[in-house]
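For reference, the structure discussed in these notes is given below.
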């Protein structure tokens, strides 16, 4: 029996209409739809995004990926998820994995696909690109992310807060992902650099409950959820 194809489908940042035409076609023609399971009984973000597009006959496969940094725990989760997906692939069924944002941009899918391909080298994997959170955040703020020769740095803030000061020395635009847990430290550094007026935060970009904060000068004590992104415009674009 021919092995099924594993599709990694980018579904955008929240608005269901941000999925590409190709992504939607593959999503709707796949018999099995996988996605990261939500936590605390809530629907996962990718699951919420694709809900309007799914057909009743499609089987949904939530996969558990713990939000921890322990590599042994993560590795076991990737193996368990790979085994669950393989049960369908080995029987000739295509599986579409719905990924929030873009499939190649800090995506859990990368680890799932790598684990599966290590166990089953014959597996065919196809990736469909999509809208990332920095692009979505810039669009809702109504400003270009970069212009002319500006240098862009994108950092997962929770892991690279110690490097931020150095990055602010050479970048023209800085995007901080996962900023919520380190926001007080980030705010103080931006204050020291005089960059708070040029900084903005977008919470849950393109979702109905989206919130934006422009000019963070008086926003020191914000309590931000996980899906928050901070954009710092360092250079003066009026020059």
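A short reminder: the numbers here are calculations on the coordinates, not readings from a lab. Model, not experiment: these values are computed from the prediction. Here the Cβ positions follow ideal geometry from the backbone for every residue, glycine too, while neighbour counts run over all protein chains shown.
Quick notes
- Treating r as the C-beta distance of residue 191 and residue 149 and R0 as 30 Å, the FRET efficiency rounds to 0.60.
- Remark on the range 5-128: ratio of C-alpha radius of gyration to 2.2 N^0.38 Å is 0.98.
- The label-point distance for residue 162 and residue 71, in a model that sets each label 7 Å from Cα toward Cβ, rounds to 1.6 nm.
- Cα-based values for the range 95-169, radius of gyration first and Dmax second, are 16.4, 46 Å.
- Residue order, fewest to most surrounding Cβ atoms within 10 angstrom, among 211, 33, 161: 211, 161, 33
- D (Stokes-Einstein, µm²/s), Kirkwood Cα radius, the chain, 0.692 mPa s at 37 °C: 172 µm²/s
- Given their separation in residues at 0.36 nm each and the Cα-Cα distance between them, residue 90 and residue 104 gain 2.6 nm when the chain is fully extended.
- Average projection, convex hull of the Cα set of the range 133-233: 5.8 square nanometres.
- The length gained on full extension between residue 236 and residue 219, counted as 0.36 nm times the residue separation minus their Cα-Cα distance, comes to 3.9 nm.
- Antiparallel bridges, percent of DSSP beta bridges restricted to the chain (to nearest 5): 40 percent
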